[in-house]
2 protein chains.
Amino acid sequence: MTEKTAATQPRRLSEITHWDMETDVAVIGFGGAGGCAAIEAADAGAEVIVFEVASAAGGSTALSSAEIYMGGSGGTRVQKASGFEDSTEAMFTYMMMCAGRLADEEKIRNYCENSAAHFDWLVGLGVPFKDSFHEERAMMCLTDDGLLYTGSENAWPFNEQATPAPRGHNLYVEGDNGGPLFMKIVGENVERRDNIRVEFEARALTLVADEHNRVHGLVVRINQQEMTVRARGGVVLCAGGFVMNEEMVNKYAPRLTEGSYALGNPGDTGSGILMGMGVGAAAINMQEGFITLPYYPPASMTYGLVINDKAQRIINEDVYHSRLGNAILRDNADRHYFVLTVEQYGDYESSSWMGAEVAATGETVEELEAELALPEGSLVATIDQYNHFAARGEDPFFHKSPDWLQVMKPPLVALDVTPGRGSYWPYFTLGGLDTLPTGEVLDPLRKTVPGLYAAGRTACGVVRSAEGYSSGMSIGDATFSGRLAGRSAARRAVSDNGATHAA
Amino acid sequence: MTEKTAATQPRRLSEITHWDMETDVAVIGFGGAGGCAAIEAADAGAEVIVFEVASAAGGSTALSSAEIYMGGSGGTRVQKASGFEDSTEAMFTYMMMCAGRLADEEKIRNYCENSAAHFDWLVGLGVPFKDSFHEERAMMCLTDDGLLYTGSENAWPFNEQATPAPRGHNLYVEGDNGGPLFMKIVGENVERRDNIRVEFEARALTLVADEHNRVHGLVVRINQQEMTVRARGGVVLCAGGFVMNEEMVNKYAPRLTEGSYALGNPGDTGSGILMGMGVGAAAINMQEGFITLPYYPPASMTYGLVINDKAQRIINEDVYHSRLGNAILRDNADRHYFVLTVEQYGDYESSSWMGAEVAATGETVEELEAELALPEGSLVATIDQYNHFAARGEDPFFHKSPDWLQVMKPPLVALDVTPGRGSYWPYFTLGGLDTLPTGEVLDPLRKTVPGLYAAGRTACGVVRSAEGYSSGMSIGDATFSGRLAGRSAARRAVSDNGATHAA
């Protein structure tokens, strides 16, 4: 086990001889979570310093599409304008199904109840959303439409239990440019506040804690100098996940090593999580991650069939892409293929960037079966059965929606989507510090670690698995949990220390 | 989150005003691990006290079949006498495949290299093994034979990479009575040693640790009195797993809630793990557990087919039962059935205790398919394909061994083996404190917690998942890791404290 997976020893308060800086709230990391934490803490009257290791704000939020998963309370402005009602209960049911046994019900409840208000808060910051609905099934929205389905809401079994509504909110900007725009707006909001100071190129080294692991501040390195920072209210860890720390991924989330591309920013080294663990915080859900085969666009891929090396289908192909990807990873087989008609393949070739290569083609099903070296008769039987029911608009096997059923007529093409054989499998981590909905960090006794808060990927939030992911849940969670953590730290500064920064 | 999942706060050394007892090594728990720890510590010259909450020795080992997974180094005496050579490398390869990505290579290497010597040590205690091989595929050995295959050694993919050898060692006793006999022998060995004292009905409440979390002893309750115990060398936690702590199972290993029967003794409340966590130890692999569908005996069940509600097979049915059970749990389906011919069903009815009920019968495959409400044509296709290849002695789908291939001729019977619908799904936990092979307990920084040792299910040992389990690995690991932990604690007593009990 290397150093890179070890918890970070805190600096002991008794060893600190002076403070180089003092503030109410110290935020580590200036991505979506850190930015929103700083804004909320400042607006609650606290003096804030944000320490960012990079030379600019952004974090993984800036690299993302910045879709934001929001709804409930009857609907956000965009949902209503687009003709969708969305009840808090439907959203809660859907998100609870997504998280399954790993759910933190209290956190999900709080998220759903306050989600529409979070939309309004973002709009208040100046984040623009167009009142329009994007009809096409897409992984991200390349138009400037404000709303789209970004999960498995319309797919079985979710659509049986939770009234579907689109909840992916997309910024009012053309192309996949939501992340940079979002962080630009957050950055401007931070700049506009006199009580927030930002230190870029500032590497947080460790927390400062007393012998009871109460957090009093941190040590940062700026210009090759170690500086001690007192944070009267507390430190808010918004330092991202650990997807860029290969040793941590190997140790905690080895399943993710099936992926081909670590999705995140170089700062996602787990440093925030390791600092938290160093003062006794509990890291939970560390084995889980988001890992996916982003097989659409084109949406028409959804008509295709995913089969394994026994010619068995494995899931309804109309679910969210990481749910399908997870089904591939869980399936007991060495190879997986996407089988398409020539028309479907034409769409794939012209617009997909999944990177899967053609494994075989067949003028007949028998020919494709032979080329793929599938057991004799196996693919013929699978396609026969699928077509038999598809012609009637049914999928008694996996309940794919009639909207996505097409009789599969040869010639057929099979793409190799086995992880490790060329297709694109991005991944990131979903484990982090255990927190209350307030952002307070918990130890294994479920007692709070005084003075320590966490948000975004450094915390374990509402999203718990690839199987139950929907686009927009990460930025939704990061921005929402950042706000709560910032507010909590600010309140502690005021109440515990009598800080006089209250407006 | 209830108290029952919270780490146990240690008693601080500074609060201890006197010691009611003093010893070199304190062992918490008198099952297989604790018994072997005590014997080794005593034989290394230490004074030992064993605290057992029950009124007799036994733990979960006494409730088990006490099969012990051993081999390597050319073979144990029983392996050799039965005509099997067993290389350390073959055993290592097999166990590494079993543990997969969760493997602790150092621990597995140490286990395999010393496994044959462990056999000799057990024989030295008086544990009897007959030099005979049990041919039949069995979950446990009901004869007094000394050796049998207890895992997936002969099944794909293991048999392709590791030369198979039977490594399940069964005590020389008729019936499923290995556990009581084993613990009787361990108990006699403990009694025979003057430097071991046993306190029954003694509940370990918490560890005593200084402010640096170095462990100095423990607090126990005996006769409703709290007693402080100083342990100069250290405390060895052998208090079992947490399968009886429902809250802990829900929190850490929710997948196990699919099971129908918690396998263990009432003391498996996780108390040892929680005490360790209370002094900063890391608990790892907590999400994993053993959960199984013990579908054999009769061995002839292996000829049957496990299918889901799409009539798909899911795995080679000749693997170890928990590997098959895990495949059911991972499979994306609501129902699973065991399909048998009438002859196979006859065997099942006469000798199985799996408890699965008949879901349907059919004079023809079509009839069975209809009765099970499987999609039209689906089961017919699956059976046709299986039979086509089985007639040739092949299973190109899942690589079931030719030994277990039989053409499935109607009439057929289907048993419902869906978890939660009547069949027997026992389970226990496989997570615990992180330890070195020496038994020293580690914190999240992978630094040892001085004075703390753990073994058996309180530690996370060589066995990491249901998918890669073989019978005998638990008792093998418990007894082997107990010995190492006991020896380590004894050595520390001698070296750190100048104890003069060395023989």
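We did not get these values from a lab; they are worked out from the coordinates using the rules stated. In this text, all values refer to a predicted model and were calculated from it rather than measured experimentally. Positions of Cβ are generated from backbone atoms using ideal geometry, with glycine treated the same way; all protein chains shown enter the neighbour counts.
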State, to one decimal in nm and shortest first, how far the label point of residue A:77 sits from each corresponding label point in the other identical copies (label point: 7 angstrom along Cα-to-Cβ).
-> 8.4
Work out the mean other chain Cβ neighbour count within 10 Å for the residues of B:431-437 and drop it here as an integer.
-> 0
Rounded to the nearest 10 degrees, the helix B:321-330 long axis (Cα) sits at an angle to the longest Cα principal axis of chain B of 80
Does the range B:61-109 come out rounded, prolate or oblate, given a ≥ b ≥ c as the square roots of the eigenvalues of its C-alpha gyration tensor, rounded meaning a/c under 1.5 and, failing that, prolate meaning a/b above b/c?
-> oblate
From the C-alpha gyration tensor of the range B:238-290, pull out the three semi-axes of the equivalent ellipsoid (sqrt of 5λ each), sorted largest to smallest, in whole Å.
-> 19, 13, 8
Between residue B:117 and residue B:226, how many nm apart are label points set 7 Å from Cα along the C-beta direction?
-> 4.3
What are the label-to-label distances in nm, one decimal and shortest first, from residue A:363 to the same spot in the other copies, with labels 7 Å along Cα to Cβ?
-> 4.5
What angle do you read, to the nearest 10 degrees and between 0 and 90, between the alpha-carbon axis of helix A:342-351 and the longest principal axis of chain A?
-> 30
Two decimals is fine: what is log10 I(q)/I(0) at q = 0.14 Å⁻¹ for the range B:169-247, from a Debye sum with one equal scatterer on every Cα and no solvent?
-> -0.72
Between residue A:446 and residue A:197, what length in nm is gained on full extension when 0.36 nm per residue of separation is reduced by their alpha carbon distance?
-> 86.4 nm
Under the Kirkwood approximation for Rh and a Cα-based Rg, what ratio Rg/Rh is obtained for the range B:299-416?
-> 0.92
Any idea what the residue A:222 label distances to the other copies are, label 7 Å down the Cα→Cβ vector, nm, shortest first?
-> 6.0
Where Rh is the Kirkwood radius over the Cα pairs of the range A:68-169, the temperature 10 °C and the viscosity 1.306 mPa s, what D in µm²/s does Stokes-Einstein return?
-> 116
Rounded to the nearest 500, what is the 222 nm mean residue ellipticity of chain A from helices alone, with -39500 (n - 2.57) per DSSP H run of 4+ residues and division by all residues?
-> -9000 deg cm²/dmol
Chain A - convex hull of the alpha-carbon atoms, volume per residue in Å³ | 137
With +1 on the Cβ of every Lys and Arg and -1 on the Cβ of every Asp and Glu, the dipole magnitude of the protein assembly as shown about its Cα centre, in debye rounded to the nearest 20, is 3200
Helix A:115-125: inclination vs chain A longest Cα principal axis, degrees, rounded to 10, gives 60
In the A-onto-B rotation, chain A's nearest residue to the axis by C-beta, with distance in whole Å, turns out to be A:381, 2
Regarding the range A:242-345, what is the average projected area of its C-alpha convex hull, in nm²?
-> 7.9
FRET efficiency, 1/(1 + (r/R0)^6) with R0 51 Å, evaluated for residue A:350 and residue B:299 via beta carbons = 0.40
Mind giving me the FRET efficiency for residue B:421 and residue B:160? R0 is 45 Å, r the Cβ-Cβ distance, nearest 0.05 is fine.
-> 0.85
Evaluate E = 1/(1 + (r/R0)^6) for residue A:363 and residue B:373, where r is the Cβ-Cβ distance and R0 equals 45 Å; express this FRET efficiency to the nearest 0.05.
-> 0.80
Which GluC sites (Glu not before Pro) in the range A:144-238 pass both tests, a DSSP loop state and at most 16 other beta-carbon atoms within 10 Å?
-> A:174, A:201, A:211
What per residue convex hull volume, in Å³, comes out for the protein assembly as shown when only alpha-carbon positions are used?
-> 161
